[in-house]
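S.K.: Handing you this structure, nothing more for now.
The values are calculated or read from the model by the stated rules, or taken from the named source; none is laboratory data. These numbers come from a predicted model, not from an experiment. Cβ coordinates were reconstructed from backbone atoms using ideal geometry, including for glycine residues, and neighbour counts include every protein chain displayed. Only protein heavy atoms, including side chains, enter the accessible area calculation; ligands, DNA and RNA are left aside. Shrake-Rupley method; radii C 1.70, N 1.55, O 1.52, S 1.80 Å.
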Amino acid sequence: MRVSRLLAFFSGIVLALVGSMGTASAAPAAADTSVRAAAAAGGYAAPTMVYCQLKVRAGATTSSSALRTLYNRNGSCPGSSGHDSIPCWLANCGGTIQGGSYTCTTGGRSHSTWLPVNHRGTRAWVAIKCGTYVLP
């Protein structure tokens, strides 16, 4: 029991550190080869330490239905430990599009870059400026 808690704690720290290296401000521009190369093995989208949750939506707009909410429960985010993630639709986490406008926080800067992800075998979308890439 203690070993599993210790392993969960350390894996949460590793995910948090990896997530902080590719935060929303540094994340996916189509020409950002360093991020694409890091995720080439098959990346995941996840919430950052700054934004404790990330919605998975049916379309690339905030009015599209929310299919799932990913949570980051490490560090300053509420809840017990754990960091949710979802696989990218494409193996290199490419395919970002310009969709509907969104903000990550109320009154925050507006963005419109969406990343396709694999939600139960179908393509869905996340507001990637509120998230990050995580290596598997």
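S.K.: Quick check, is Thr132 modelled with pLDDT under 90 and either in contact with a Pro (Cβ under 7 Å, 6 or more places away or on another chain) or of a type in the set (Val, Ile, Thr) (or both)?
M.R.: yes
S.K.: Just need a number here: residues in region 39-55 that are buried (at least 20 other Cβ atoms within 10 Å of the Cβ) and within 13 Å of Asn118 (Cβ to Cβ).
M.R.: 3
S.K.: Just for region 62-120: of the residues that are among the aromatic types (Phe, Trp, Tyr) and open to solvent by 30 Å² or more (accessible area, probe 1.4 Å), which one is nearest to Cys130 (Cα to Cα)?
M.R.: Tyr71
S.K.: For Gln98, work out the one condition from (1) assigned to a strand (DSSP E or B); (2) in contact (Cβ under 8 Å) with a residue 40 or more places away in the chain it doesn't fulfil.
M.R.: Answer for Gln98: the failing condition is (2).
S.K.: Quick check on my filter: what residues within region 93-119 are touching a strand residue (DSSP E or B) at 6+ places or on another chain (Cβ under 8 Å) and at positive phi?
M.R.: Within region 93-119, Cys93, Gly95 meet the criteria.
S.K.: Please go through region 71-104 and pick out each residue that is small (Gly, Ala, Ser), over 17 Å from Leu115 (Cβ atoms) and touching a Phe, Trp or Tyr at 6+ places or on another chain (Cβ under 9 Å).
M.R.: Residues satisfying the conditions are Gly79, Ser81, Gly82.
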